Amino acid sequence: MNIVVIIKQTPDTESVIRIAPDNKSIVTEGLKWIINPYDEFAIEAALRLKSKHGGNVTVVTYGPPRVVEALRTALAMGADDAVHVDDPAMKTADFLRVTRALAAAATECDPEIILMGSRAVDYDQGQRGAIVAEMLGWPHLPLAVSLESDGKVVTIERPIEGGKVTLESPLPVLVTLGGSHAIWNPRYASLPGIMKAKKKPLKARKLTDLGLDPADFGPETARIRITSLEMPPQRAAGRMIDDGLDTEGKARELVRVLHEEARVI
Amino acid sequence: MKLLADERDIKFVLHEQLRIEELSRYPRFSEFSREICDMVLDQAEKLAEKEFYPTNRKGDEEGCTFEDGQVRVPGCFREPYRLYCEGGWLAMADPPEVGGQGFPFLLGNACLEFLGSANWAVMMYPGLTHGAARLLERHGSRELQDIYMYRMYSGEWAGTMCLTEDVAGSDVGSLRTKAVKREDGSYSISGQKIFISCGMHDLTENIVHMVLARTEGAPRGAKGISIFVVPRLLPREDGILEDNDVRCAGIEKKLGIHGSSTCVLNFGENGNCRGFLLGEENAGMRIMFDMMNEARLFVGMQGLCHANAAYLHALQYAKDRIQGAPVERMKDPFAPRVPIIQHPDVRRMLMFMKSSTEGMRALMHLASYCIDRVRAAQDPGERERFQGYVDLLIPICKSVGSDLGFRVCETAIQVYGGYGYSREYPVEQFLRDCKIASIYEGTNGIQALDLVGRKLTLKRGQLVKNALAAIDEILAKVRTNFNLRDMVQIYDEAQESLIQVTKFFALKGMTDEFHVPLLYAKPYLDLCGDVSMGFLLLWQAHLADRRLREIYRDHNASDDVSRGKVLRENRSAAFYFGKIASARFFINQVLTQAGGRARSIMNNDKSALDIPDHGFALV
């Protein structure tokens, strides 16, 4: 089974995020980068499919040179090869155009199934999967918390309110992964895996290599622009009602505060 | 929260100070690169955060249990142990020919910073196994290696070191376990060993003990000790494992590392325990000492690991915990309450912890780096020189790591206040787990005797001279840095004090007052530790100062206001500023005491020797 996993490198979930002076981006200097955790679930799912059906797992991403680290980590986990869409024009592209480049890079690998996280822990747009599927004209099975395949049909479960629904689709198909670390339990790269990763093929592709015109990726073509970023407001400290009151007095004070100050009742 | 070890500082030591990548010029490490190094560190941190640390408290509370001769480790240890072995971590710094991954030992210890900080008790099992497997690698016959070594390096079977007996602890030469040669060339082993770390457990099917014992007619004392490979289960030729008459008679209830089993082992209760000689008869101590350097460094690392976690937890707590008004509005009841990190006394404690931890890190990793150079060197002169550094550094690493590590844990509790003393918070466990490090693998008193009695006198003091020359070479660059000259001066004075005490010891050693160096060996070792760490931090300050000035220049920051802005906004700038602050704090607060410490030794005060035993207290 020929599998493509589209991944994204995101700041570590433990990072302290700060807004850059331009107010439109974050300070990336000194940040620690990881594979987006949901994309890591996708790598794990891909490696499980491969161990069952054989085939090839290719990881695809875009971005500055540092993203090679994410690709190497995926290779160390067990992926077979990697593609890095590395083109300066991508810097100013909006999500739609980035996704177009990723779809083109994935198509080059002639996949039967494309996997990726349902969302990324950076901008959390949750759009890539649906857009790539749409561009390829493929069915999209979203938010998978399980994934099985007999080699012809793919079956997933996705959570819905109060339960799960089972979806299936013939190949080719694009699946976005939901769930949690506990559900997918993505494997760690082993030390021999890390050494092998160094020798696995990693291709860099320009937009022109993918049959795309860099001119279409300029900032003026963007349909979405980030105009400003701001930190969530600081939460005010909670207020404890005590004042030496008994239970009834505290209840009375609480009702008064909710009514007169917070005005919620 | 990543509160196990300071990844940025680890990378600073590896890349900027010791330049680990340059090891790839040796054939042994030709495949090694910075990219690989960072990937390995990332995985170690991830494994530590996600698998090791979540089992730390649980393992402490559950502890090991002993029932019907069987020892059970906390159930939650199985998964981290499995992942550790399957990932190839146990033999990560051993050559591929024996099943290892061939990484530098330095990288191995850098990874240990994460894994050991997350859960030291789990790390005990592979740690002991590795030491035993390494003895087999260095001294075992091909047959013993085929049967045991590969299975141990993979973690399939575990290993131990069995030295201590009830009358033979620090005085290992007094041990009484017997080995009687059998017709088939193997030996019948009988005797009891105590305090055996990981002596019995249920993480692996089999455990292979390295047992010190006496053959019949062997000379008295340490010269008559041999070392034997004694498996708990003996593999028959058809592969079936047979009981080898090794019994666990009980486990210790301890202050800390509850998840690590500490066992009483009885060998040959029924006369059916077979052992296989490692090397030659009566060569046991020499062989055992072969792995002692790494084992002692492992224990020094333990102290560093607990200090790591204790410091980072206390730092986070100090940022979160709101208590008290800012110092300038101390008497104003309406002043806003602030996080305790704003209080000068708390900041001083944090700086003590930061600078100590960073000093220890540099010390441990320098020793690891020297071990790599010994292993990789092709020139015998180079190998000998680095072996000399290792020999000198090991007792310092073991003792400083464990003692100062404990002090850092203690200070962490102080930062937490009453909560730190309670089980609700993790720092009290770090302190309990840390204490053993100053005791096992040769008490710190023994380390001091090793340094003063053996290492100083080796090759007529050449080890010390070589080390001082190497320090001088590096300091020559630091001396050109005008910003650091106040620190250099204090360092020079401290080093001179140390040299004075060293000469004092050499003179006393030749007189009938030879017991004075023994009396003050430990304070001398502490002084060596302070001076070594002072040197390493000064070296770091020099590197950091250069980088910081580059960052200022890149941001056109030439005055205090613009520099202050860079420090607030630029993580790297804050880091390098912090490195210089560590050096400045340590050198001013600790190294300034070197003169007093030297005087306390050279005053030749013998009150501790002169006092009659019953003069200590009439009880």
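The values are calculated or read from the model by the stated rules, or taken from the named source; none is laboratory data. On a predicted model such as this, the values are computed, not experimentally measured, just so you know. Cβ atoms come from the backbone with ideal geometry, glycine included; neighbour counts cover every protein chain shown.
So the values come out like this:
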{"quantity": "Elements of type strands (runs of 3 or more DSSP E) contained in the range B:192-270, each with 3 or more residues being among the β-branched types (Val, Ile, Thr)", "calculated": "B:207-215, B:226-231"}
{"quantity": "Flag for B:GLU21 being farther than 30 Å from B:LEU255 by Cα, over 22 Å from the mean Cα position of the chain (by Cα), modelled with pLDDT of 95 or more and more than 12 Å from every other protein chain (Cβ to nearest Cβ)", "calculated": "yes"}
{"quantity": "Residue in the range A:50-71 that is touching a residue at least 40 places away in the same chain (Cβ under 8 Å), at the interface with chain B (Cβ under 10 Å from one of its Cβ atoms), under 17 Å from the mean Cα position of the chain (by Cα) and not in a loop (DSSP other than H, G, I, E, B) present", "calculated": "yes"}
{"quantity": "Test for B:VAL390: is it farther than 25 Å from B:HIS258 by Cβ and over 13 Å from the mean Cα position of the chain (by Cα)", "calculated": "yes"}
{"quantity": "Of the criteria (1) under 26 Å from the mean Cα position of the chain (by Cα); (2) on the phi < 0 side of the Ramachandran plot; (3) touching a residue at least 60 places away in the same chain (Cβ under 8 Å); (4) crowded, with 23+ Cβ neighbours inside 10 Å, which one B:ILE189 fails", "calculated": "(1)"}
{"quantity": "Failed item in (1) in the same structural domain as B:THR204 (by TED's automatic domain parsing); (2) farther than 30 Å from B:ASN109 by Cβ, with B:GLY324 passing the rest", "calculated": "(1)"}
{"quantity": "Candidates B:LEU203, B:LEU241, B:LEU212, B:LEU233, filtered to the one that is surrounded by fewer than 24 Cβ atoms within 10 Å (Cβ to Cβ) and touching a helix residue (DSSP H, G or I) at 6+ places or on another chain (Cβ under 8 Å)", "calculated": "B:LEU203"}
{"quantity": "For A:ILE241: the one exception among (1) touching a residue at least 60 places away in the same chain (Cβ under 8 Å); (2) surrounded by 11 or more Cβ atoms within 10 Å (Cβ to Cβ); (3) not assigned by TED's automatic domain parsing to the domain that holds A:ILE114", "calculated": "(1)"}
{"quantity": "Which listed residue, of B:ALA437, B:ALA470, is small (Gly, Ala, Ser) and under 19 Å from the mean Cα position of the chain (by Cα)", "calculated": "B:ALA437"}
{"quantity": "Enumerated helices (runs of 4 or more DSSP H) restricted to the range B:1-71, each holding at least 2 residues that are surrounded by 21 or more Cβ atoms within 10 Å (Cβ to Cβ) and in contact with a Cys (Cβ under 8 Å, 6 or more places away or on another chain)", "calculated": "B:34-47"}
{"quantity": "The listed residue being over 19 Å from the mean Cα position of the chain (by Cα), of a type in the set (Lys, Arg) and surrounded by fewer than 20 Cβ atoms within 10 Å (Cβ to Cβ), out of B:ARG407, B:ARG337", "calculated": "B:ARG337"}
{"quantity": "Residues that are farther than 18 Å from B:ILE207 by Cβ and either part of a strand (DSSP E or B) or in contact with a Lys or Arg (Cβ under 7 Å, 6 or more places away or on another chain) (or both), drawn from the range B:271-282", "calculated": "B:LEU277, B:ASN282"}
{"quantity": "Qualifying residue in the range B:157-175 (condition: at pLDDT 95 or above and touching a His at 6+ places or on another chain (Cβ under 6 Å))", "calculated": "yes"}
{"quantity": "Pick from the range B:72-85, criterion within 14 Å of chain A (Cβ to nearest Cβ) and touching a residue at least 24 places away in the same chain (Cβ under 8 Å), ranking: surrounded by the fewest Cβ atoms within 10 Å (Cβ to Cβ)", "calculated": "B:GLU79"}
{"quantity": "Candidates B:ARG348, B:ARG296, B:ARG383, filtered to the one that is closer than 20 Å to B:PRO95 by Cα, out of contact with any strand residue (DSSP E or B) (no Cβ under 7 Å at 6 or more places or on another chain) and either at pLDDT 95 or above or outside any helix (DSSP H, G or I) (or both)", "calculated": "B:ARG383"}
{"quantity": "Residue tally, condition without any contact (Cβ under 8 Å) to a residue 24 or more places away in the chain and either within 21 Å of the chain's Cα centre (by Cα) or within 12 Å of chain A (Cβ to nearest Cβ) (or both), over the range B:37-62", "calculated": "5"}
{"quantity": "Lone qualifier among B:GLY445, B:GLY461 - being at positive phi and part of a helix (DSSP H, G or I)", "calculated": "B:GLY461"}
{"quantity": "Options A:ARG223, A:ARG187; residue that is part of a loop (DSSP other than H, G, I, E, B), within 14 Å of another protein chain (Cβ to nearest Cβ), touching a residue at least 40 places away in the same chain (Cβ under 8 Å) and not aliphatic (A, V, I, L, M)", "calculated": "A:ARG187"}
{"quantity": "Residues (free of Cβ contacts under 8 Å to residues at least 40 places away in the same chain and in contact with an Asp or Glu (Cβ under 7 Å, 6 or more places away or on another chain)) located in the range B:543-579", "calculated": "B:ASN570, B:ARG571, B:SER572"}
{"quantity": "Residue that is surrounded by the most Cβ atoms within 10 Å (Cβ to Cβ), among those in the range A:190-220 that are within 14 Å of chain B (Cβ to nearest Cβ) and assigned to a loop (DSSP other than H, G, I, E, B)", "calculated": "A:SER190"}
{"quantity": "Residue check for A:ALA76: away from chain B (no Cβ under 13 Å), surrounded by 15 or more Cβ atoms within 10 Å (Cβ to Cβ) and of a type in the set (Gly, Ala, Ser)", "calculated": "no"}
{"quantity": "Some residue of the range A:38-47 being in contact with a strand residue (DSSP E or B) (Cβ under 8 Å, 6 or more places away or on another chain) and surrounded by fewer than 18 Cβ atoms within 10 Å (Cβ to Cβ)", "calculated": "no"}
{"quantity": "Test: residue in the range B:591-607 that is within 14 Å of chain A (Cβ to nearest Cβ) and either under 27 Å from B:ALA467 (Cβ atoms) or in contact (Cβ under 8 Å) with a residue 40 or more places away in the chain (or both)", "calculated": "no"}
{"quantity": "Spans of helices (runs of 4 or more DSSP H) in the range B:478-585 with at least 2 residues loosely packed, with under 15 Cβ neighbours inside 10 Å, of a type in the set (Gly, Ala, Ser) and modelled with pLDDT of 95 or more", "calculated": "B:560-569"}
{"quantity": "Residue count for the range A:80-96, restricted to those that are more than 19 Å from A:GLU69 (Cα to Cα) and surrounded by fewer than 21 Cβ atoms within 10 Å (Cβ to Cβ)", "calculated": "5"}
{"quantity": "Test: residue in the range A:172-183 that is exposed (fewer than 11 other Cβ atoms within 10 Å of the Cβ), more than 14 Å from chain B (Cβ to nearest Cβ) and at negative phi", "calculated": "no"}
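Rundown of residues vs (1) among the hydroxyl-bearing types (Ser, Thr, Tyr); (2) away from every other protein chain (no Cβ under 13 Å); (3) in a loop (DSSP other than H, G, I, E, B), yes/no style:
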residue	(1), (2), (3)
A:PRO21	no, no, yes
A:LYS24	no, yes, yes
A:ILE34	no, no, no
A:PHE41	no, yes, no
